[in-house]
Every structure is written in structure tokens, then in C-alpha cells.
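The values are calculated or read from the model by the stated rules, or taken from the named source; none is laboratory data. Remember, it's a predicted structure, so these values are computed and weren't measured experimentally. As a convention, Cβ positions derive from the backbone with ideal geometry for all residues, glycine included, and neighbour counts pool all protein chains shown.
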Amino acid sequence: MHSISGKRILFLNWKDVLNPESGGAEVLTDALASHLAETNEVFFITSSFPNAKQKQVHNNYTILRKGTTLTCILYAFFTYKKLSTEKKFDLIIDQAHGIPFFSILYPHRPKILILIHEVAGELWSSVLPHTIGKIVDTIWLRLYKNQQFITVSNSTKQELTKHHIIEKNISIVPNFTAISLPEIPQKAEHPTLLVLGRIAPVKRIEHAIRAFQIVKETVPNIHLVIIGKREKKYDSYYQDINTSIQNDNKITIITNADEEEKLHWLKESHILLMPSKKEGYGIAILEAAACGTPAIGYNVPGTRDAIIDNKTGLIADQENPKSLAACIEKILTNLGTFNQLQKEGFTNARQKQKRHTISTWDAILKQIIQITP
């Protein structure tokens with residue numbers, strides 16, 4: 001099924017899926033762009049990275065890279081103008097990470113869709129004073145208030161409505177996991193906790209470490225594995241985390257793991273810990289569930305959308321290591337609870353495969369995109 005054919009479409013995003021620092025958002029964007037590229041001419045303007053090709057065809061769409069994750073916004077404007085002189089675009093899919101590409105200001109622009117995983121909100125505090133961050137959110141959302149928005153969770157939809165985006169202009173495309181196993185795999189011999197994600201302050205990995213230390217007092221053979229992408233801008237945070245675990249031989253930290261190693265630990269681990277401040281959608285939670293690994297997280301946007309409390313995982317009562325530890329103990333000390341969470345999560349993940357996401361995407365486009373031939 002293809003709701004759009006024979007059109008010229010432009011994706012704007014700060015990273016592409018081949019970028020070493022890409023994440024779950026880029027995996028979803030790649031799936032959407034690849035699907036549209038089957039029947040349309042698709043361009044993808046983004047930032048560059050070391051040893052990256054300036055122009056590259058990937059999954060039938062053309063990636064154009066230049067600048068950093070911030071300056072690529074400016075380069076995108078001029079690239080759009082150049083491409084538009086060759087042939088006009090029919091649709092722009094402008095992806096917002098903190099801020100969009102401001103395609104709303106492009107000359108002779110076509111219809112725009114905003115793809116947004118999360119409203120930055122309090123996450124701005126890592127780069128800007130909180131008050132300024134709130135102002136930035138307000139300004140750009142006001143600029144785009146009459147456009148169609150596509151997001152990945154009900155939490156983000158609710159945040160957008162608080163910024164006066166009309167609810168009927170917001171659609172949800174569910175995330176997916178590419179992991180599909182025939183059955184729940186055998187877990188490690190000793191209880192194993194897993195943290196999976198970027199090594200960044202917003203992930204609050206220190207909460208997972210402290211929760212592990214609390215649980216270790218009653219479950220001495222427990223292990224903790226931290227798998228994360230290490231980013232230069234958060235190197236001091238990585239050093240702090242690394243220093244805090246140096247004297248504990250039951251904590252393993254693995255940086256920049258490949259997909260094979262990540263899958264290995266998703267299968268081996270008993271519980272995934274997700275103590276993040278906020279997620280667009282906790283894709284790691286879905287990946288873990290597909291491996292029969294229940295998740296524990298906080299009642300924050302994205303995480304609460306990915307965890308069905310008491311069915312596929314647990315939502316901690318409070319955002320602190322003590323509450324996280326209590327949930328860990330609840331699962332590890334009750335085999336019946338653990339098995340039930342495994343089965344429910346595994347079944348739920350099997351219903352969230354790529355084909356379901358693409359089907360929803362096509363249905364949404366068919367409903368909201370009116371592009372004349």
C-alpha cells in the first residue's frame with residue numbers, strides 16, 4: 001500500500017540512520033523515508049559526520065549531508081532552494097529535535113508535516129537555562145501551529161496540545177522493533193540488569209547504578225550491564241559513571257556496541273532499567289520486550305507509553321533509585337510475576353513490527369495529505 005506516488009518529497013532531520021550517533025528516531029525516519037522512496041523521489045537533508053559522504057543513496061532515497069547538527073539547518077535552506085530550481089517539491093517532512101528546520105519560512109514551500117518524537121521541555125536544561133528553553137519551544141510551535149504533526153506517543157501528543165496545537169492536527173505513528181524471535185530466549189544464570197541507551201545525563205544512568213547497589217544487598221549474585229553510545233559532548237558524564245563503577249566487578253560498561261552484542265544482552269538480561277528523564281518513545285523497552293526482558297522505568301513521557309504498567313513491565317512510584325530498586329526486587333523475588341511480564345511484553349512486541357508502523361503511516365498520509373497531481 002502506498003498513499004503517495006510519483007511525488008518529490010524532502011525529509012529534514014539532524015541525523016540520518018548511518019550517522020554513528022543516530023538512535024531510535026533515525027531508525028523510524030529511515031523506515032518512513034525508505035517506504036516513500038519505493039514510489040516517490042525522496043531527498044534527505046541532514047548533518048555530516050567524520051568520513052561521511054556528502055551525497056549518498058540509501059534505501060532508494062538520496063541523503064545530502066553538510067554541517068553539524070545545528071548548522072545543517074542553515075545549509076538545508078540553501079540546498080532546498082537549489083533543488084527547487086530543478087523541480088518543485090510536493091511535500092516536506094520537517095523533523096524537530098529541540099527545534100525544527102524552520103521550513104515554514106522556505107520560499108514557495110509545499111505542504112509541511114512536522115515529525116516530532118518529543119517536545120524538549122525540561123531537556124533544554126542540559127544546553128540552555130530552563131526558562132529560555134521553554135521560550136524556544138513556545139516560539140517554534142507557534143510558528144507551526146497550523147501544520148500537521150506526526151508523533152510517536154500519546155505523551156508527546158498531550159504536550160503538543162498544551163502548546164495549543166489543535167488535537168485533530170496531531171497523528172500518532174507507532175514505533176516498531178525489528179527484533180522478532182520465535183520464542184523467549186533462555187536468560188543468564190545469574191540475575192542480570194541492563195541499561196541501554198546513550199551515555200548522557202538525561203538517561204540518569206547513576207539511578208540504575210544506585211538501584212543495583214541497593215538490590216545487591218539482598219541479591220548478592222546480581223549483575224548490571226550498561227550498554228551505551230559514548231558522545232564527546234558528554235565525556236565528563238561518562239568519566240563520572242566509569243569512575244563510580246570501577247571497584248565493582250559485577251558492573252560491566254560497554255560503549256558503542258554493535259547490534260549483535262546489543263541483541264546478545266537483550267536476550268541474556270532479566271530486566272531492562274530505563275531511568276531517563278524523558279523519552280520520545282522508549283524503543284529500547286520495546287526491543288527488550290521482544291526478547292522477553294521486562295522493563296522498569298519512571299512515570300515520564302515516552303517511558304510510560306512504552307511500558308504497560310504491571311503487564312509488560314513496571315512503572316516506579318517515584319523518580320529515585322529506591323523506587324527503582326523496589327521494582328527490581330518485586331520482579332526478581334517472584335517468578336510468577338517475572339514470567340507473566342515476560343509473556344505479556346513478548347506478545348505486545350510481536351504486534352509492533354515494521355509492517356504495522358508502515359500501515360499506520362500510509363493510513364495517516366491518505367487521510368491528511370491532500371497533494372494534487
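List of remarks:
- When the criteria are applied in full, THR177 fails the requirement of being surrounded by fewer than 22 Cβ atoms within 10 Å (Cβ to Cβ), of a type in the set (S, T, N, Q) and part of a loop (DSSP other than H, G, I, E, B).
- Some residue of the stretch 62-80 being of a type in the set (D, E, K, R) and surrounded by fewer than 17 Cβ atoms within 10 Å (Cβ to Cβ): no
- Hits in the stretch 38-49 - residues which are of a type outside the set (Phe, Trp, Tyr) and either assigned to a loop (DSSP other than H, G, I, E, B) or surrounded by 20 or more Cβ atoms within 10 Å (Cβ to Cβ) (or both): GLU38, THR39, ASN40, VAL42, ILE45, THR46, SER47, SER48
- Check on ILE315, in contact with an Asp or Glu (Cβ under 9 Å, 6 or more places away or on another chain), buried (at least 24 other Cβ atoms within 10 Å of the Cβ) and within 24 Å of GLN340 (Cβ to Cβ): no
- ILE179 vs. criteria without any contact (Cβ under 8 Å) to a residue 12 or more places away in the chain and either among the aliphatic types (A, V, I, L, M) or not assigned by TED's automatic domain parsing to the domain that holds VAL300 (or both): no
- Among the residues of the stretch 92-106, those that are at pLDDT 95 or above and not hydroxyl-bearing (Ser, Thr, Tyr) comprise ILE92, ILE93, ASP94, GLN95, ALA96, PRO100, PHE101, PHE102, ILE104, LEU105.
- Exclusive hit being over 22 Å from ALA178 (Cα atoms) and part of a loop (DSSP other than H, G, I, E, B), set THR85, THR68: THR68
- Test: residue in the stretch 287-297 that is on the phi < 0 side of the Ramachandran plot and without any contact (Cβ under 8 Å) to a residue 12 or more places away in the chain: no
- Just one of the listed residues (ASN51, ASN40) is touching a residue at least 12 places away in the same chain (Cβ under 8 Å) and out of contact with any helix residue (DSSP H, G or I) (no Cβ under 9 Å at 6 or more places or on another chain), namely ASN40.
- The stretch 134-156 residues that are touching a residue at least 40 places away in the same chain (Cβ under 8 Å), paired with ones that are hydroxyl-bearing (Ser, Thr, Tyr) and surrounded by 18 or more Cβ atoms within 10 Å (Cβ to Cβ) (beta carbon under 6 Å, 6 or more apart): ILE150/SER171; VAL152/TYR281; SER153/TYR281
- Condition check for GLY133: assigned to a strand (DSSP E or B), under 21 Å from the mean Cα position of the chain (by Cα) and crowded, with 19+ Cβ neighbours inside 10 Å: no
- Meets criteria (touching a residue at least 24 places away in the same chain (Cβ under 8 Å), closer than 18 Å to GLY292 by Cα and over 18 Å from the mean Cα position of the chain (by Cα)) for THR192: yes
- Screening GLY228 on (1) of a type outside the set (Lys, Arg); (2) at pLDDT below 95; (3) part of a helix (DSSP H, G or I) shows it passes everything except condition (3).
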